[in-house]
Amino acid sequence: MVSPPPLFGLVLAGGASSRMQRDKAMLDYHGLPQLDWAFQMLLRHCERAFVSVRAQHAGEPTRARFPQVVDAWTDLGPIAGIASAQATHPDVAWLVLACDLPFVGDATLRHLVSRRNPAIAVTAYRSASDGLPEPLCAIYEPASRAAVLEYIAEGGRCPRRFLAGLRVPLIEQRDPAWLDNVNTPEEFAIATLRLGGADEVEPA
């Protein structure tokens, strides 16, 4: 039996955080910066982990503490981070996690990894809100690399549209709140209150 490709983790931390008006990677939901939380969590489920950054942020002290994958494309958003990671280590699968998903916990990643199918290009959740693919908490197999590059070459930027075009089977969330993202100060305040007990992150 052939072993599946190794699994590496990638925290997407290259966003401008314009709506939040603060660096989303530095927000504290769990007693430490979200970037640290996400990176440490990925290490519990992956052989290695990296932080995805834009070139201008590579030397920023917070991000410089971590192994990095620097975007090889500019102004493309998260798809650039995914493609750059695949270019850096093309023979591994990447568990990609955006840093604006504070309700993702070990249960979320454990459920995702347990349902990984290396024969499918991407293992991803279905959004609990609209039924569409959730591309920023997903596993991208090496076989997805050519499709990612083709999508970028054709002018594509949206990871969700990319994933929807692949028509891969999607995983149902065990908790509909797992992939709620946080993009504004108001959403941050609400998320902080919701996470006060942290039980929502780890359902039984």
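Let me spell it out: the conditions are (1) closer than 20 Å to residue 171 by Cβ; (2) touching a His at 6+ places or on another chain (Cβ under 7 Å); (3) at pLDDT below 95, and residue 95 meets all of them except one. Which number is the exception?
It is condition (3) that residue 95 fails.
Can residue 172 be described as surrounded by fewer than 17 Cβ atoms within 10 Å (Cβ to Cβ) and within 24 Å of residue 105 (Cβ to Cβ)?
Taking the combined requirement at face value, the residue satisfies it.
If I filter segment 45-67 for residues that are at pLDDT 95 or above, over 19 Å from residue 5 (Cα atoms) and of a type in the set (Asp, Glu), do I get at least one hit?
no
From the list 155, 131, which one is part of a loop (DSSP other than H, G, I, E, B), among the small types (Gly, Ala, Ser) and modelled with pLDDT of 95 or more?
155
What number of residues within segment 82-100 are over 12 Å from residue 42 (Cβ atoms), of a type outside the set (Gly, Ala, Ser) and under 14 Å from the mean Cα position of the chain (by Cα)?
So the count comes out to 3.
Kindly establish whether residue 161 is within 26 Å of residue 76 (Cβ to Cβ), in a helix (DSSP H, G or I) and either in contact (Cβ under 8 Å) with a residue 24 or more places away in the chain or β-branched (Val, Ile, Thr) (or both).
No: the conditions fail for residue 161.
Please enumerate the residues belonging to segment 61-75 that are touching a Lys or Arg at 6+ places or on another chain (Cβ under 8 Å) and assigned to a loop (DSSP other than H, G, I, E, B).
67, 71, 74
So which of 81, 9, 31 is at pLDDT 95 or above and over 16 Å from residue 159 (Cβ atoms)?
Step by step, each of 81, 9, 31 is checked, and only 9 is at pLDDT 95 or above and over 16 Å from residue 159 (Cβ atoms).
Could you grab the pairs with beta carbons closer than 9 Å, sequence gap of 6+ or different chains, first residue in segment 23-39 and over 18 Å from residue 106 (Cβ atoms), second one among the aromatic types (Phe, Trp, Tyr)?
Pairs that qualify, where the first residue is over 18 Å from residue 106 (Cβ atoms) and the partner is among the aromatic types (Phe, Trp, Tyr), are 24/188; 27/188; 28/37.
Looking only at segment 44-60, filter to residues that are among the basic types (Lys, Arg) and not in a strand (DSSP E or B); which one of those is surrounded by the most Cβ atoms within 10 Å (Cβ to Cβ)?
Per the stated criteria, the residue is 54.
Select from segment 42-71 the residues that are touching a Ser or Thr at 6+ places or on another chain (Cβ under 9 Å) and more than 23 Å from residue 104 (Cα to Cα) and list them in ascending order.
54, 55, 70, 71
Can you find a residue that is in contact with a Phe, Trp or Tyr (Cβ under 9 Å, 6 or more places away or on another chain), modelled with pLDDT under 95, under 27 Å from residue 22 (Cβ atoms) and not in a strand (DSSP E or B) anywhere in segment 108-122?
For segment 108-122, residues in contact with a Phe, Trp or Tyr (Cβ under 9 Å, 6 or more places away or on another chain), modelled with pLDDT under 95, under 27 Å from residue 22 (Cβ atoms) and not in a strand (DSSP E or B): absent.
Just need a number here: residues in segment 85-107 that are buried (at least 22 other Cβ atoms within 10 Å of the Cβ) and part of a helix (DSSP H, G or I).
Looking only at that region, the number is 2.
The values are calculated or read from the model by the stated rules, or taken from the named source; none is laboratory data. What you see is a predicted model, and the numbers here were worked out from it, not measured in a lab. Using ideal geometry, Cβ is built from the backbone for each residue, glycine included, and neighbour counts are taken over all protein chains shown.
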